[in-house]
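The values are calculated or read from the model by the stated rules, or taken from the named source; none is laboratory data. Here the structure is a predicted model, which is why all the values come from computation and not from measurement. Note: ideal-geometry Cβ built from the backbone for every residue, glycine included; neighbour counts use all protein chains shown.
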Protein chains: 2
Amino acid sequence: MQRLDQQIRFVTEIGKLKGVFRQTFLAGEGLNRHENSAEHSWHLAMMVLVLGEHAPPGTDLVRVTAMVLIHDLVEIDAGDLFLYADAAAQASQDAAERAAADRIFAILPGDLAGELRQLWDEFTARQTTDAKFARALDRLQPMFENLTAGGGTWQRHGITADQVLAKVALIEDGSPQLGAVGRDLVDRAVAAGFLLPAPSGAA
Amino acid sequence: MQRLDQQIRFVTEIGKLKGVFRQTFLAGEGLNRHENSAEHSWHLAMMVLVLGEHAPPGTDLVRVTAMVLIHDLVEIDAGDLFLYADAAAQASQDAAERAAADRIFAILPGDLAGELRQLWDEFTARQTTDAKFARALDRLQPMFENLTAGGGTWQRHGITADQVLAKVALIEDGSPQLGAVGRDLVDRAVAAGFLLPAPSGAA
């Protein structure tokens, strides 16, 4: 039973991700609160199911699904960092996330621990087609929530369209079609007054 | 763009599942609240990744993953029903869920709508190996949460060990190994005082 015990300890441990909250604000019935990283990960996996056809040829959607399901587990120890945090905060977050990955995946039997850690490393490095598509979904999903929330995080932090467009480049790198969706969302958000236009100096 | 628009409307619509709360109570840091159906679905998909080797030979884990990701979408309209509800409440819930499936999947382009609806129908009918394994995970996961919460839903509703064991039979039907895990969890919960033993008349 030792292998099964390790698997069950891991399944119990990761439930903690439901208590890690992101910057993203959710609007709507029963909501009006920050999003947690577990439900965010579910939303990304649903996006693989529904938007997977917009991945580049050769993308392995089974691997992408696994990546998006596990990509935030490290936040159980390291917490969530805001997308627009500065470089120093990002570097210290990276170290904390690697330490978290060392601890959390090691709860599993060695073969499973190795598989999931490899997927997480690949997602983090963002070099492969699979990882680039997974990262594109991770960038796109909060844009939907911000639009639903009438501005959400963008308004709370005074984010401007040019800052969002810089992140949309990363969506485009994972999927040209979804990059176009991202640019369209920025236009709609600016038109609706949910997102500040680029400051005139940045144009 | 019509196809993509439909896909994006669906992705936005399903975010509402984060506002549908289940009976399951989550204990721990940042928690101490009811579980929502989106994070519950994420937890099940993670269980497919980690416990998939305990599925019967021939189980298609890609289909099981899709099933558990979508299985609760109908609750956006129909809400969640407590596992120990009576037969009349169950029948009226079934009708509400079918109506919800008609509305929600139809947001998608026809081919995707058909695929996901078929998976949901299959999950609901619980006749295939894939559906039985998916349903087993859906029954097992709240047991982990109840144990973490020191009794959780079992204590709040005065549920007894024989009632839980009747549900464990359904886990066993999907996976003998996970059925054994379920029985072991019942024993541990009774020993810890988290779950009432069967009334003497039921023994």
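Evaluate the following for B:Gly151: is it small (Gly, Ala, Ser) and modelled with pLDDT of 95 or more? So B:Gly151 does not fit the description; no.
Of (1) over 13 Å from the mean Cα position of the chain (by Cα); (2) closer than 27 Å to A:Trp154 by Cα, A:Ile14 satisfies all except one. Which? A:Ile14 satisfies all of (1) over 13 Å from the mean Cα position of the chain (by Cα); (2) closer than 27 Å to A:Trp154 by Cα except (2).
Counting only helices (runs of 4 or more DSSP H) that sit completely within the stretch B:1-86, those holding 1 or more residues that are more than 10 Å from every other protein chain (Cβ to nearest Cβ) correspond to B:2-14, B:61-70, B:75-78. Scanning the stretch B:11-45 for residues that are more than 19 Å from A:Val68 (Cα to Cα), touching a residue at least 24 places away in the same chain (Cβ under 8 Å) and hydrophobic (A, V, I, L, M, F, W, C) yields B:Val20, B:Phe21, B:Phe25, B:Leu26, B:Ala27.
Every test in (1) assigned to a helix (DSSP H, G or I); (2) more than 14 Å from the chain's Cα centre (by Cα); (3) not charged (D, E, K, R) is passed by B:Ile107 save one, and that test is (1). Scanning the stretch A:69-110 for residues that are charged (D, E, K, R) and at pLDDT below 95 turns up A:Asp80, A:Asp86, A:Asp94. One residue alone among B:Ala161, B:Ala125 is modelled with pLDDT of 95 or more, within 15 Å of the chain's Cα centre (by Cα), farther than 24 Å from A:Lys18 by Cβ and not charged (D, E, K, R), and that residue is B:Ala125. Within the stretch A:55-110, if we keep just the residues that are farther than 26 Å from B:Thr65 by Cα and in contact with a Leu (Cβ under 8 Å, 6 or more places away or on another chain), the residue that is surrounded by the most Cβ atoms within 10 Å (Cβ to Cβ) turns out to be A:Gln93.
Modelled with pLDDT of 95 or more, surrounded by fewer than 16 Cβ atoms within 10 Å (Cβ to Cβ) and not polar (S, T, N, Q), is that true of A:Arg3? Yes: the conditions hold for A:Arg3.
Tell me, please, whether a residue that is surrounded by fewer than 23 Cβ atoms within 10 Å (Cβ to Cβ), over 25 Å from A:Ile159 (Cβ atoms) and β-branched (Val, Ile, Thr) can be found in the stretch A:30-48. Within the stretch A:30-48, none of the residues are surrounded by fewer than 23 Cβ atoms within 10 Å (Cβ to Cβ), over 25 Å from A:Ile159 (Cβ atoms) and β-branched (Val, Ile, Thr).
Going through the stretch A:97-107 one residue at a time, which ones are within 14 Å of chain B (Cβ to nearest Cβ) and either closer than 17 Å to A:Phe123 by Cβ or of a type in the set (Lys, Arg) (or both)? Give the derivation first.
Initial filter on the stretch A:97-107 (within 14 Å of chain B (Cβ to nearest Cβ)): A:104-107.
Within the stretch A:97-107, A:Ile104, A:Phe105 meet the criteria.
Scanning the stretch B:5-29 for residues that are among the aliphatic types (A, V, I, L, M) and under 20 Å from A:Gly28 (Cα atoms) returns B:Ile8, B:Val11, B:Ile14, B:Leu17, B:Val20.
A single member of B:Leu147, B:Leu178, B:Leu119 is within 14 Å of chain A (Cβ to nearest Cβ), buried (at least 20 other Cβ atoms within 10 Å of the Cβ), in contact (Cβ under 8 Å) with a residue 40 or more places away in the chain and within 27 Å of A:Met47 (Cα to Cα), and it is B:Leu119. Here B:Asp130 meets each of (1) more than 17 Å from B:Pro57 (Cα to Cα); (2) in contact with a helix residue (DSSP H, G or I) (Cβ under 9 Å, 6 or more places away or on another chain); (3) more than 10 Å from chain A (Cβ to nearest Cβ) with one exception, condition (1).
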